[in-house]
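Undergrad: Have a look at this one before I ask anything.
The values are calculated or read from the model by the stated rules, or taken from the named source; none is laboratory data. Every value quoted in this text rests on a predicted model; they were computed, and no experiment measured them. Counting neighbours? That spans all protein chains shown, and the Cβs are built from the backbone with ideal geometry, glycine included. Remember, those area values only see protein heavy atoms, side chains included, never the ligands or the DNA or RNA. Shrake-Rupley method; radii C 1.70, N 1.55, O 1.52, S 1.80 Å.
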Amino acid sequence: AEKGIFAGLMESGLQPGTHFDLRKYSANGEIGSLPQIIEAAINERPDLLITLTTPAFIAAVQRVKDIPLVFSVASKPERLGLFAQGRPDNVCGYYDDPPLDELLAMAKRHNPSLQRVGIVYDPAQVNARISAEKLREAGRIQRIQVVEANASTVSELDAATRSLTQRGAQAILLSADNLVYTGFNLVYRIANQAGVPIFATEVDLINKGATGVIGNSFFDWGKASGILAAQVLAGTPPSRLPIRAIPTLPPIESGVSPISGRQSPFRLR
């Protein structure tokens with residue numbers, strides 16, 4: 001996503017060091033440090049703030065009121081409990097709406113006798129909880145049992161994934177979880193040993209062993225937000241720019257349709 005931000009800025013004709021200076025801040029996985037990081041960024045008096053991930057977006061939008069803010073790789077603001085008083089004039093960006101119902105249907109097409117699926121997620125991340133809720137609802141409608149396992153650190157992913165396979169999960173679904181994506185190799189290793197396929201809403205995981213994906217590319221997502229950032233830097237008020245869902249890429253299954261060289265789905269009006 002960070003690389004996509006740069007690509008979007010440069011595609012808009014802006015060059016780092018010439019047209020903009022970008023200072024990066026990272027919480028290094030420590031969500032509790034985000035308020036201090038946001039304060040440090042504000043103290044630099046930037047012309048624009050860009051956030052990546054849902055936790056960073058939540059921390060920024062709660063504090064930043066008079067600096068343009070472009071968010072990316074985050075869940076829908078309303079589902080996060082934000083914007084209760086209406087959309088702030090300083091905010092624009094792209095959110096996702098993970099298609100867990102379509103992902104579950106893909107898993108069922110892969111295994112027509114599918115009766116039970118599993119999801120491992122970090123309950124500390126509201127975006128991950130939203131995905132788990134959506135999968136429960138999809139499972140209820142499609143009459144497929146959903147078993148769940150929680151992990152709060154990467155080191156817990158091994159045991160959490162193993163618990164799903166031991167409880168009879170015939171497929172594992174992953175969505176909108178920074179911790180799980182960071183430790184995907186652990187999830188894949190356990191699932192692969194048990195012969196359990198993985199389906200995800202992050203398309204780049206198809207290159208890391210996922211059997212099928214329906215969702216979004218972090219790079220393309222960042223690129224679209226980078227183009228928004230360039231428009232803000234050019235003087236367009238964020239209130240005149242979109243807050244909307246990013247388009248979902250077509251389904252991809254392992255060995256069927258490579259994602260390299262694909263055309264970006266983003267088109268800005």
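Undergrad: Sort largest first and round to whole Å: the equivalent ellipsoid semi-axes of segment 134-195, each the square root of five times a Cα gyration tensor eigenvalue.
TA: Semi-axis lengths for segment 134-195 are 20, 14, 9 Å.
Undergrad: Then there's this: Go ahead and collect, in residue order, the members of segment 181-211 whose backbone nitrogen is under 18 Å from a label point 7 Å along the Cα-Cβ direction of residue 3.
TA: 181-185, 202-210, by backbone N distance to the label point.
Undergrad: Restricting attention to the alpha-carbon atoms of segment 186-230, what are Rg (one decimal) and Dmax (integer), both in Å?
TA: Calculated on Cα positions, Rg and Dmax stand at 13.9, 47 Å.
Undergrad: Apply the Karplus curve 6.51 cos²θ - 1.76 cosθ + 1.60, θ = phi - 60°, to the phi angles in segment 233-245 and return the couplings in whole Hz, x for Gly and Pro.
TA: So the J values, rounded to whole Hz, are 4, 7, x, 6, x, x, 4, 9, 10, x, 10, 7, 6.
Undergrad: Sticking with this one: Taking amide H positions as placed in the peptide plane 1.01 Å from N, state which residues far from residue 20 in sequence (5 or more) or on other chains have amide H under 5 Å from it.
TA: For residue 20, the qualifying residues are 15.
Undergrad: Can I ask one more? For the chain, which whole percent of the accessible surface, found with a 1.4 angstrom probe, sits on carbon and sulfur atoms?
TA: 48
Undergrad: Can you give me the distance in nm between label points at residue 182 and residue 208, each placed 7 Å from the Cα along the Cα-to-Cβ direction?
TA: With each label placed 7 Å out from Cα toward Cβ, I get 1.2 nm.
Undergrad: Roll a 1.4 Å probe over the protein chains and send me the accessible area per residue for the chain in Å².
TA: 49
Undergrad: Using a Förster distance of 22 angstrom, determine the FRET efficiency expected from the C-beta separation of residue 133 and residue 28, and round it to 0.05.
TA: 0.20
Undergrad: Something else: On alpha carbon coordinates alone, what is the Rg over Rh value for segment 92-191, Rh being the Kirkwood radius?
TA: 0.96
Undergrad: Just order 43-55, 237-249 by mean Cβ neighbour count inside 10 Å, highest at the front, would you?
TA: Result, highest mean first: 43-55, 237-249.
Undergrad: Percent of Cα-Cα pairs more than 33 Å apart in the chain, please.
TA: Of the Cα pairs, 23 percent sit more than 33 Å apart.
Undergrad: Sequence neighbours fewer than 8 away in the same chain don't count; with that in mind, list the lysines whose C-alpha is under 23 Å from residue 76.
TA: Straight-line reach from residue 76, under 23 Å: 3, 65, 134, 223.
Undergrad: Quick check on the chain: of the DSSP beta bridges with both residues there, what percent are antiparallel, nearest 5%? Before the final figure, lay out the partial values.
TA: Details: 2 of 28 bridges.
Taking every DSSP beta bridge with both residues in the chain, the antiparallel ones total about 5 percent.
Undergrad: OK, next. Given springs between every Cα pair under 10 Å in a Gaussian network model of the chain, which of 168, 118, 235 has the largest fluctuation?
TA: Ranking 168, 118, 235 by mean-square fluctuation puts 235 first.
Undergrad: Report the FRET efficiency, 1/(1 + (r/R0)^6), for residue 141 and residue 79, where r is their Cβ-Cβ distance and R0 is 30 Å, rounded to 0.05.
TA: In this case the efficiency is close to 0.95.
Undergrad: May I pose another question? Could the peptides 152-158, 2-8 be put in order, highest first, of the mean number of other beta-carbon atoms found within 10 Å of their residues?
TA: Values: 152-158: 15.1, 2-8: 20.1.
Taking the mean over residues of other Cβ atoms within 10 Å, the ranking is 2-8, 152-158.
Undergrad: Would you mind checking the radius of gyration and Dmax of segment 130-241 based on alpha-carbon positions, in Å?
TA: 17.3, 56
Undergrad: Once phi is turned into ³J(HN,Hα) by the Karplus curve 6.51 cos²θ - 1.76 cosθ + 1.60 with θ = phi - 60°, what whole-Hz value does each residue of segment 151-166 show in order, with x for glycine and proline?
TA: Once rounded to whole Hz, the list reads 9, 10, 9, 4, 5, 8, 5, 4, 5, 5, 5, 4, 5, 5, 5, 5.
Undergrad: Highest first, please rank the peptides 181-189, 205-213, 135-143 by the mean number of other Cβ atoms sitting within 10 Å of their residues.
TA: 205-213, 181-189, 135-143
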